[in-house]
Amino acid sequence: MAETSGNGKVIRVEVLRYRPEQDEEPFLQGYDVPFTDDMSVLQGLQYIKDWLDGTLSFRWSCRMAICGSCGMMIDGEPRLACKTFLRDFPAGTVRVEALAHFPIERDLVIRMDDFLAKLERIKPYIIPKEERTLAQGEYLQTPAQLDVYEQFSSCINCLLCYAACPQYGLNPDFVGPGIMALLHRYNADSRDGAAVERMEIAGSEAGVFNCTAVGYCSEVCPKHVDPANAVNQNKTRAAGDYFLRLVRPKGGAK
Amino acid sequence: MKPINRRSNAPVFWGLFGAGGMLAALFGPVLVFITGIAVPLVLILPADAMSWPRMQAFAQHWAGKGLLFVVVALFMWHAMHRILHSLHDLGVHAGTALKFACYGLALLVTMTAAWILVAVGF
Ligand code: SF4
Ligand code: FES
């Protein structure tokens, strides 16, 4: 690694290790990593894997905050390893651990089965209000209609908001901030017609009312999605549905 | 993930909590000021602002009754909901018994307030 030689800076990286076949429980292992100011925490981990300890496991792909695979706890905060720089830890040490609130598969790799199962449940795709044939052309949308949901479509499924959410930590049944942001992204899309179906999930016992308006999810989100806003908008809507259902003649009451 | 299929009854309590929170934000500070500072220290308001005859007249007027009722009842629903959720955050998880205790107390205070307000006459 030519770029790391010569400048003399070294940082102590404490990494939470867990190899299920040999470790009883997770433990911290320290590595001394030479670095330059342009190196991310992800690059620090790559240095460890390439030069110090090939057994270290972690997820990554894009290196540019787009794929959402490198979420981890960095000095106790949920962050993307590729978007966090080693130069920002002037004390000369940084602690890197697997994302909070998820079971550890191995080292920094967590199991995201729970999230993926929930993602499937909300049908994260547009279910057209009215089918159009090819001859009828595309589904049109005005810029104002786009504005309503665009921010929520930036979610990269990095799960940082789940590691930030104390309610998800206490009760993993809660669908959680990221899923609510995505649910809202489709429900708020003028071309979509499946909001009623998705609101059953938002208004369920696993839904929005598990949120106690902590707001940390939106703070840690690397894409400014503001999942807390999606949750809160849907509290109002779910409450509206709840009471309207009582005055409707005969609805899909459950 | 069973709870995903069951509709939550939270909107009832969340609605009362929200209404109480709004009211608390609007009236809470000024009520603390009037009842806790201004009247006892005779600041701004006259010393007899909360005298027995005045307060009785207030509670006998339909508008005063209404105001007293929503302030007492909704503040209480707001507080009990908040306490229940704070206990949850502290690791005391809301079983049915705890929910009954919290919301039951709010209901009891609501009914007591209604009863007293009717009892003071019109
Ligand atoms: S809402 Fe933000 S923090 Fe949560 S998964 Fe999506 S991008 Fe990540
Ligand atoms: S490697 Fe893709 S988001 Fe960090």
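Leaving ligands and nucleic acids aside, the B/A contact buries around 2000 square angstrom of accessible area in total at a 1.4 Å probe radius. The Cα center of segment A:124-142 and the Cα center of segment A:38-66 differ in position by 42 Å.
Computed over neighbours whose Cβ is under 14 Å from that of B:Gly21, the net charge equals +2, Lys and Arg +1, Asp and Glu -1. Here r is the Cβ-Cβ distance between B:Leu107 and A:Arg191 and R0 is 51 Å; the resulting FRET efficiency, rounded to 0.05, is 0.65.
Taking every C-alpha pair closer than 8 Å and separated by at least 6 residues, the mean separation divided by the residue count of chain A gives a relative contact order of 16 percent. Here segment B:74-122 has 79 percent of its accessible surface on carbon and sulfur atoms, given a 1.4 Å probe and all protein chains in place. Evaluated at q = 0.13, 0.14, 0.20 Å⁻¹, the base-10 log of the normalised Debye intensity for segment A:113-247, with identical point scatterers placed on the Cα atoms, takes the values -0.54, -0.62, -1.17.
The calculated pair-distance distribution of segment B:1-106 uses every alpha carbon pair, bins of 5 angstrom beginning at 0, and gives 2, 11, 14, 18, 17, 12, 9, 7, 5, 2, 1, 1, 0 percent.
Annotation: amide H-H contacts under 5 Å for A:Glu105 (H modelled 1.01 Å from N, sequence separation of 5 or more, or interchain): A:Ile110, A:Arg111. Measuring r between the beta carbons of A:Ala117 and B:Ala57 and using R0 = 51 Å, the FRET efficiency lands at 0.25.
I'd like the distance separating the alpha-carbon centroids of segment A:207-222 and segment B:79-122, in whole Å. Value for the Cα centre distance between the two parts: 26 Å.
Using a 1.4 Å probe on the protein chains only, how many percent of the accessible area of segment A:1-127 belongs to carbon and sulfur? For segment A:1-127, the apolar C and S fraction of the accessible surface comes to 50 percent. Springs join every pair of Cα atoms under 10 Å in this Gaussian network model of chain B, and among B:Trp52, B:Trp77, B:Trp62 the largest mean-square fluctuation is at B:Trp52. Within chain A, the proportion of C-alpha pairs whose separation exceeds 25 Å stands at 51%. Using the alpha carbons alone, the radius of gyration of segment A:10-110 stands to its Kirkwood radius in an Rg to Rh ratio of 0.93. When chain A is treated as a GNM with alpha-carbon contacts under 10 Å, the residue of A:Gly44, A:Gly207, A:Gly137 showing the greatest mean-square fluctuation is A:Gly137.
Between their Cα atoms, which of A:Lys129/B:Lys99; A:Lys118/B:Lys99; A:Lys118/A:Lys223 are more than 31 Å away from each other? In this structure, A:Lys129/B:Lys99 exceed 31 Å between Cα atoms.
Quick one: grab the alpha carbon gyration tensor of segment A:80-190, order the square roots of its eigenvalues as a ≥ b ≥ c, and give me rounded if a/c is under 1.5, else prolate or oblate depending on whether a/b is larger than b/c. Judged from the Cα gyration tensor, segment A:80-190 comes out prolate (a/c at least 1.5, a/b above b/c). Taking B:Ala97, B:Ala38, B:Ala79 as the candidate residues, the one with maximal mean-square fluctuation in a Gaussian network model of chain B, Cα springs under 10 Å, is B:Ala97. Burial annotation for segment A:209-233: residues with an accessible-area loss of at least 10 Å² between the isolated chain and the complete set of protein chains, computed on heavy atoms with a 1.4 Å probe, are A:Phe209, A:Thr212. For the protein assembly as shown, the solvent-accessible area of protein heavy atoms averages 54 Å² per residue (probe radius 1.4 Å; ligands and nucleic acids excluded).
The values are calculated or read from the model by the stated rules, or taken from the named source; none is laboratory data. Fair warning: this is a prediction, and the values are worked out from it, not measured in the lab. Note that we place each Cβ from the backbone using ideal geometry, even for glycine, and neighbour counts take in every protein chain shown. All accessible areas refer to the heavy atoms of the entire protein, side chains included, with ligands and DNA or RNA removed. Shrake-Rupley method; radii C 1.70, N 1.55, O 1.52, S 1.80 Å.
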